[in-house]
Amino acid sequence: MDMNELEQGRHDMLPKPTHDELARQQFARSFKEHIVAKIHPGVRVAYEKRVEPEITKTTGKAPVLRTDVEPFMTKDPHYQMWSALLRTSQEIMWSAAQKPVERDLEGLVRRSKVNGGAKGSLTLDPSLAVPRYLSAVDIHCQPGGYHTEVVSDDVAPGAVYDRAVFIYAMGQMGPDNSDIGRSIIEWLKERRPGFEPARILDMGCSVGHSTVAYAEQWPQAEVQAIDVASPMLRYAHARAESMGKEIHYSQQNAEGTNFEDNSFDLIVSSILLHETSQKSIKNIIAECHRLLKPGGIMVHAETPPYAGMEAFDAFMLDWDTVNNNEPFWRRSHEIDLKQLAADSGFDPDKEFEEMASSAFQVAKAKRSNKFQGGDFGGGGFWFLYGAEK
Amino acid sequence: MSDNPTLPRKAKGERPFFFADPDVDKLLAMLMGLAGEVSVMRDRMDTIEQLAAQRGLFNATDIEAFEPTAEVMQQRAARRQEMLGEITRIVYSEIEGLEGRPEDKDRASYAEAMSMVEQETD
């Protein structure tokens with residue numbers, strides 16, 4: 001493992017952990033690595049050796065869908081142990097990421113106030129409501145979610161998220177957690193050689209992990225990034241400024257923004273769609289259609305749909321829906337994406353669903369090359385859904 | 001104590017349990033929490049060893065070559081027994097209950113004790 005995977009890139013908004021705080025975070029990461037490398041493979045063995053034969057024997061046919069696997073697999077002791085450990089690792093990770101943030105919160109809020117000399121901007125809208133799909137449960141078990149503020153001008157959810165993503169991805173998304181943005185860029189370079197978008201919109205940008213990659217790739221472009229959660233945006237803005245990137249952050253819901261029609265060459269999102277809802281995903285894709293210039297392109301990165309997947313793999317990929325507070329995960333993986341694009345005004349012939357290689361290839365050989373609960377950065381690929389207008 | 005604000009600890013949303021008895025999940029979570037603390041301690045010890053070596057105090061070879069005296073060995077053995085006793089307390093407290101006075105045996109006798117102290121008047 002090289003240092004890019006072991007150490008997160010430094011910037012002014014990352015709190016400096018104490019010796020033991022860092023050791024606790026490193027344990028959280030080692031624990032996850034252990035689960036992925038040592039315990040997870042046994043789940044397939046248990047499935048093949050005892051669960052699949054049991055399903056076939058009991059039902060008289062081999063399992064085809066994830067729902068054929070579920071009632072049997074959830075009773076398997078090794079699956080239960082893996083699940084219980086994975087859920088626990090998630091809780092340990094958040095707790096470990098929270099500690100230095102909580103200790104240094106006053107300093108973080110102070111450092112987030114960029115005074116003069118800003119290259120980009122931050123526009124908040126206190127009247128914007130947090131959508132139900134984000135407030136109903138705390139997504140992926142981050143206590144307080146993206147939006148909860150405990151002090152004024154809070155940045156804590158952003159600081160916790162920034163660190164936790166690095167631990168969660170086990171460094172496999174690069175030192176700046178920018179792998180999704182970078183992967184979309186590499187894919188675009190092949191699909192559209194010489195593409196130079198003048199105006200880019202990153203939807204549901206959170207702390208701007210991917211946004212920074214676009215600003216880096218196309219320094220001449222105007223980069224707009226939106227999110228509904230103000231603590232994420234305050235943090236994202238301060239982080240981008242400390243990294244010297246010109247990004248314009250504003251608090252807006254991707255379902256309906258204040259940008260003008262036909263005004264973007266490129267609209268992107270990174271693992272946003274699965275954290276929305278049946279109603280809002282339609283609004284978001286329709287909004288992309290409204291905002292794109294003719295000839296513009298939208299690219300949304302996710303993990304692959306269940307369709308065409310082996311029953312066991314779909315069942316395992318579905319783990320997060322119920323077990324990691326991702327209520328829309330399942331439905332978003334089963335939606336008819338071509339229809340969704342068509343309903344939103346896109347030409348179905350210009351819709352695409354493709355697998356893009358992960359740009360952060362350094363450790364590819366060490367990766368599990370499987371999409372599995374707890375290791376989405378280890379898939380080595382991202383699923384890209386989008387359309388050209 | 002610091003007056004830092006407290007971040008939320010529990011993620012909103014019902015926590016799933018995977019084993020037939022949720023207490024097994026809880027025990028596992030505690031066990032892994034403990035493993036985490038042991039790991040933190042081990043890292044801290046390593047830092048001490050690295051610093052000691054850097055400053056020429058002692059190094060890993062010295063640690064391997066260290067031969068504790070009988071007194072030190074006895075102290076360590078006693079400390080280990082004490083630690084094991086704390087960890088496995090639950091296992092033998094049940095037996096201690098069985099071996100104790102008859103009224104310690106079950107919940108019913110405990111309820112009797114409660115009702116006794118509640119109703120007792122001067």
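Here are a few things to note about the model shown:
- In the stretch A:338-359, residue farthest from A:GLU287 (Cα to Cα) [restricted to those that are part of a loop (DSSP other than H, G, I, E, B) and of a type in the set (Ser, Thr, Tyr)]: A:SER358
- Selected residue (criterion: least open to solvent (accessible area, probe 1.4 Å)) from residues of the stretch A:112-132 that are modelled with pLDDT of 95 or more and not in a loop (DSSP other than H, G, I, E, B): A:SER112
- Screening A:PRO53 on (1) surrounded by 15 or more Cβ atoms within 10 Å (Cβ to Cβ); (2) of a type outside the set (D, E, K, R); (3) modelled with pLDDT of 95 or more shows it passes everything except condition (1).
- Taking the stretch A:93-109 as the range and being surrounded by fewer than 22 Cβ atoms within 10 Å (Cβ to Cβ) and either more than 14 Å from B:PRO8 (Cα to Cα) or aromatic (Phe, Trp, Tyr) (or both) as the test, the residues that pass are A:ASP104, A:GLU106, A:GLY107, A:VAL109.
- Test: residue in the stretch B:29-41 that is away from every other protein chain (no Cβ under 12 Å), open to solvent by 40 Å² or more (accessible area, probe 1.4 Å) and of a type in the set (D, E, K, R): no
- The stretch A:318-345: number of residues that are without any contact (Cβ under 8 Å) to a residue 60 or more places away in the chain and under 28 Å from A:ILE297 (Cβ atoms): 15
- The set of residues in the stretch B:1-28 being open to solvent by 50 Å² or more (accessible area, probe 1.4 Å), within 22 Å of A:PRO71 (Cα to Cα) and either of a type in the set (Asp, Glu) or facing chain A (nearest Cβ under 7 Å) (or both) consists of B:GLU14, B:ASP21, B:ASP23.
- Taking the numbered list (1) of a type in the set (A, V, I, L, M, F, W, C); (2) within 11 Å of chain B (Cβ to nearest Cβ); (3) over 20 Å from A:ALA28 (Cα atoms) in turn, A:TRP94 passes all entries but (3).
- Consider the stretch A:319-352 and keep the residues that are under 16 Å from the mean Cα position of the chain (by Cα) and open to solvent by 40 Å² or more (accessible area, probe 1.4 Å). The one that is farthest from B:GLY13 (Cα to Cα) is A:ARG330.
- Filter result for the condition that a residue is of a type in the set (Gly, Ala, Ser), at pLDDT 95 or above and part of a helix (DSSP H, G or I), over A:SER83, A:SER30: A:SER83
- Meets criteria (open to solvent by 60 Å² or more (accessible area, probe 1.4 Å), among the β-branched types (Val, Ile, Thr) and either more than 10 Å from every other protein chain (Cβ to nearest Cβ) or not in a helix (DSSP H, G or I) (or both)) for A:VAL64: yes
- Any hit, the stretch A:137-160, residues being modelled with pLDDT under 95, of a type in the set (D, E, K, R) and surrounded by fewer than 20 Cβ atoms within 10 Å (Cβ to Cβ): no
The values are calculated or read from the model by the stated rules, or taken from the named source; none is laboratory data. Given the structure is predicted, the values throughout are model-derived calculations rather than measurements. Methodologically, a virtual Cβ is constructed for each residue, glycine included, from the backbone with ideal geometry; neighbour enumeration extends over all protein chains shown. Remember, those area values only see protein heavy atoms, side chains included, never the ligands or the DNA or RNA. Shrake-Rupley method; radii C 1.70, N 1.55, O 1.52, S 1.80 Å.
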